[in-house]
């Protein structure tokens with residue numbers, strides 16, 4: 001645990017990608033093999049299930065520190081991180097011990113079946129025998145969201161360096177479902193040809209937003225242009241008479257998307273299709289929120305199936321007849337995909353797979369016009385893919401670009417502010433905005449991102465000087481500041497006081513030129529809602 | 001005996017203010033940081049070591065009476081004396097006694113020994129005015145020795161990698177504290193002009209610091225290699241700082257205790273080094289005074305007052321002042337600092 005905590009600290013203390021990779025390689029060079037695979041599992045988001053409740057952590061840390069619960073709560077609001085708060089209030093240990101990482105994780109997993117007394121005994125014993133740094137990392141393991149500031153790319157590069165294996169192979173081996181328990185990295189990375197990983201998706205190739213004029217991309221004829229759908233990016237896999245549906249977040253969603261069940265007998269074995277999963281009704285795509293309600297549920301109801309049946313809009317094929325064809329050009333893969341889908345569609349008219357239509361243009365001006373019409377198609381913009389491009393791993397510049405439409409926007413008044421978390425701890429950075437409804441301000445959106453650090457500090461200082469009231473971590477402020485908020489979509493919502501819900505709201509800019517009376521109204525929002533519905 | 005008005009902390013019987021934030025006739029100054037020693041008073045009283053810094057920052061012609069720790073002034077029946085606050089060299093608590101009633105205004109203080117400052121003295125009183133900059137149990141500062149060792153190890157490592165080490169620390173107090181404890185066998189030490197100005201005063205009045213060069217036009221930046229550079233926080237994000245490349249940046253502040261703050265500052269290293277009291281030090285200081293009435297100023301004042309009331313059964317009152325405590329995201333220490341409102345929370 002000391003070595004793993006040291007790794008955490010080394011990574012935390014640098015913003016350089018190379019230094020992070022080196023720190024990880026150094027760790028892998030000396031780590032016990034069971035610790036090493038757990039380290040990689042944790043870094044790639046494969047944390048064991050939480051076995052300790054937050055309320056228990058508060059209670060036990062209160063007992064150990066001798067602090068009242070109100071003071072712990074105040075401390076938490078300021079630190080902005082549960083694990084860190086606890087590690088700062090537990091009295092320092094004068095009897096430190098070291099345990100291997102895998103031993104701790106196995107012990108935590110075993111706590112699942114134990115009673116509160118056993119859980120308390122284990123956790124408080126550990127708390128009293130760690131140094132400050134290990135205490136923090138341990139608390140991160142037992143609370144939610146273990147993140148280390150390490151991207152998949154860094155893990156892949158470090159593993160490639162340590163094992164001297166190609167990055168693409170590592171990337172593929174690390175995707176999908178695998179267990180760290182009773183496993184080792186050499187075993188995991190060598191697993192390629194055995195039959196036990198038939199569910200494995202390929203790492204998704206992701207596009208960067210286009211930030212330059214499209215003219216700089218060269219001739220339009222070199223590009224495949226498609227609409228950018230607002231659904232769930234996924235891969236449909238059929239291998240060995242089995243079907244797997246993966247989301248881009250690497251969740252296995254086969255059970256939730258029962259519309260695709262029949263594909264087991266339709267798609268040839270050894271097929272992997274990349275596309276967007278979307279609800280469709282009477283030949284028209286429906287907005288994202290229609291599907292959202294369904295993903296959260298355990299069982300798919302009949303009603304949901306009728307109201308929002310899903311299809312996949314297919315735009316790529318990356319495995320064909322059992323062969324990885326990522327190295328073929330986009331144009332060649334597209335031809336394979338068209339051929340496959342056309343044949344299947346003739347045999348199965350109800351096939352829940354559609355080919356992503358090409359947007360035919362001869363000039364970039366025409367492309368721009370098509371982009372402007374995106375909302376008519378319930379789309380977010382356009383995708384530009386170079387005809388000669390391979391299917392790469394992760395987010396890369398150069399061959400694939402997303403060219404989104406400008407967001408919808410509205411000017412809102414800052415009404416409430418709450419302290420942020422992580423690097424925004426102790427700063428008022430989580431805002432609630434309102435629009436006018438007659439003489440009244442109605443809250444309609446929360447937004448956290450979009451301001452630069454300098455502006456955040458300025459707004460934070462302003463909030464502290466203009467607080468009307470405090471409710472726990474939240475402050476209400478004199479309605480004065482106006483911000484332009486951007487969002488990707490708007491939908492009716494009975495759960496919100498304003499009656500609407502925004503998709504991806506964020507701050508576009510601080511309208512210092514606008515007075516509070518010049519902010520938008522609820523009527524303006526409803527107008528947007530109606531326009532967006534059509 | 002003391003009241004809080006729009007100009008500052010006032011003793012009507014003696015007709016004198018303590019650390020006022022508006023121009024008044026007579027002011028006792030606890031220490032020379034710009035949120036406590038402000039411009040425009042007709043007459044100042046301050047500790048001998050604070051005087052030269054005040055002359056540098058407020059003007060050579062200010063009317064200031066220099067006093068020693070423990071020296072008693074009798075103003076209209078009020079016995080007034082200064083006592084070490086341990087905050088920075090020349091910092092003081094102000095003890096006021098009238099007809100048997102004793103108040104202590106502590107200004108900014110710390111109990112931890114820093115190696116260069118006269119240590120804090122516990123002064124018994126009935127009413128105690130305390131800051132609360134780090135008045136939260138999550139603030140537990142390591143000893144100065146541990147931090148100095150960390151700084152030197154960090155400097156050595158950076159030097160081994162061919163990089164300079166830049167430390168951002170308040171020009172008055174913390175910069176000398178760090179400077180005095182650098183291991184000079186590692187490499188050369190360079191100073192930002194604002195730090196060098198204060199160092200000169202320190203050396204004239206207290207003693208020598210390790211040899212260091214002021215960075216001015218005569219210094220060729222190419223000669224600065226593997227060096228330690230001490231600069232004030234206001235040097236962050238300036239072309240001056242960028243000209244020190246390649247370098248690693250370290251920030252010395254009590255706020256560096258929290259990971260979120262460390263990450264937000266974008267520094268390579270945060271050293272938990274403060275001239276203020278942490279949670280345990282505040283509690284010890286308050287208890288040792290024996291005071292029944294505690295006035296809590298700048299910092300987490302509502303939380304800390306509640307703690308004093310519920311845990312120690314004291315009469316604790318929150319007071320609004322214009323002191324800023326240890327500011328991280330602004331430059332209180334710069335020589336032209338504006339008056340910033342009190343809100344560290």
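The table for this structure:
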quantity	calculated
Rounded Å value of the spacing that divides the Cα centres of the stretch A:405-455 and the stretch A:1-15	34 Å
Test item: A:64-77 mean partner chain Cβ contacts at 10 Å	3
Order of B:130, A:212, B:284 - criterion: other Cβ atoms within 10 Å of each residue's Cβ, fewest first	A:212, B:284, B:130
Compactness relative to 2.2 N^0.38 Å, alpha carbon Rg of the stretch A:2-142	1.08
Cα-based convex hull, chain B, per residue volume (Å³, whole number)	122 Å³
Kirkwood-type radius of the stretch B:144-271, with distances r between different C-alpha atoms, in Å	14.6 Å
Inter-chain shielding of B:254-267 (mean C-beta neighbours from other protein chains, 10 Å cut-off)	5
log10 of Debye I(q)/I(0), alpha-carbon scatterers only, for the stretch A:316-411 at 0.10, 0.18, 0.21, 0.24 Å⁻¹	-0.37, -1.03, -1.20, -1.28
Average beta-carbon neighbours from other chains, 10 Å sphere, peptide A:424-431	3
Theoretical ellipticity at 222 nm over chain A - DSSP helices of four or more residues, -39500 (n - 2.57) apiece, nearest 500	-11000 deg cm²/dmol
Reference-scaled alpha-carbon Rg (2.2 N^0.38 Å with N residues) for the protein assembly as shown	1.10
Sorted by Cβ neighbour density within 10 Å, fewest at the top, the residues B:252, B:7, A:314, B:125	B:7, A:314, B:125, B:252
Cα long-axis angle, helix B:279-289 against chain B (0 to 90 degrees, to the nearest 10)	30 degrees
Packing rank of B:175-182, B:208-215, where each peptide gets the mean count of other beta carbons within 10 Å, highest leading	B:175-182, B:208-215
On Cα atoms only, tilt of B:193-205 relative to the major axis of chain B in degrees	60 degrees
Per-selection Kirkwood Rh - the stretch A:205-404 (Cα, Å, 1 d.p.)	17.6 Å
The stretch A:197-313: C-alpha gyration tensor shape, a/c 1.5 cut-off, then a/b vs b/c	oblate
Equivalent ellipsoid semi-axes - Cα gyration tensor, the stretch A:408-533, angstrom	23, 15, 14
Binned Cα-Cα distance frequencies in the stretch B:1-144 - 5 Å width, integer %	2, 10, 20, 23, 21, 14, 7, 3, 1
Exposure proxy order (Cβ contacts within 10 Å, fewest to most) of A:122, B:44, B:312	B:312, A:122, B:44
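Each value in this text was obtained by applying a stated rule to the coordinates, not by laboratory testing. Bear in mind that the values here come from a model prediction, so they are computed numbers and not experimental data. Reconstructed Cβ throughout: ideal geometry from the backbone, glycine too, with neighbour counts over all protein chains shown.
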